[in-house]
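The values are calculated or read from the model by the stated rules, or taken from the named source; none is laboratory data. As the structure is a prediction and not an experimental result, all values here were calculated from the model. We place every Cβ from the backbone using ideal geometry, glycine too, and count neighbours over all the protein chains shown.
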Amino acid sequence: MSRARVHNFAISLDGFGTGEGQSHEAHFGHAGERLHEWMFATRWWRPGGSGGVDDAFVQQYDPGIGAEIMGAGKFGHPGWHEDPEWKGAWGPNPPFHTPVFVLTHHTRPSIEMEGGTTFHFIDASPDEALKTAREAAGGKDVRIGGGPTMIRDFLAAGLVDYMHTVLVPILLGRGVRLWDGLEGLEENYEIEATSSPSGVAHVTFTRAGS
């Protein structure tokens, strides 16, 4: 069976995966881009970027992925569902290049974008969403894209086979935490940590047999 994978999910030292006050102008709230500056410096993100540890991890984002599941908050700002013309926060050619299933209580017709991304809007449980995404993935893996609430729900349901988190040395103090309610999660995974000269630490969780 295809695996459910999380990649490049950055969290602060105090466990926040996004900041407070998300809006059309601030997709990650008061966190701004601070959780992702390590990624922007890589060769994967821009020509001439670094080719070290950070780049090696971020390069694993695409290979073997046939579909993605994301939460409504990753697709757009609070209230996006009130604008029938809104096509997401990712521009005309989103970086996913697969079918993307947006979990939302405000479903709408699918939107086909440039580059192979098609957004499908579904109101489903994590288990139901993963079954749907696996069918669309055609035997490839499914990326669990975030945000933190959605990833937490998939972890709580025991549906994540591999997770790559990035511990960023900042304190946000407020926002949405990733780990709340997941006490003992580590017992189900083999965990490895790799530090980077950029100051971040890459922590991977691999379910035995995955």
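Assorted remarks:
- For first residues located in region 98-110 and surrounded by 14 or more Cβ atoms within 10 Å (Cβ to Cβ), partners that are in a strand (DSSP E or B) and of a type in the set (Asp, Glu) and lie 6+ apart or on another chain with Cβ distances below 6 Å form the pairs Thr98/Glu68; Val100/Glu68.
- Checked against (1) at pLDDT 95 or above; (2) more than 22 Å from Asp153 (Cα to Cα), Thr104 passes all but a single condition, namely (2).
- For Lys87, the conditions (1) surrounded by 15 or more Cβ atoms within 10 Å (Cβ to Cβ); (2) of a type in the set (D, E, K, R); (3) under 25 Å from Trp179 (Cβ atoms) all hold with the exception of (3).
- The residues of region 60-106 that are more than 17 Å from His27 (Cβ to Cβ) and of a type in the set (Val, Ile, Thr), listed by number, are Ile65, Ile69, Thr98.
- Residue that is within 16 Å of the chain's Cα centre (by Cα) and polar (S, T, N, Q), where the choices are Ser50, Ser23, Ser12, Ser2: Ser12
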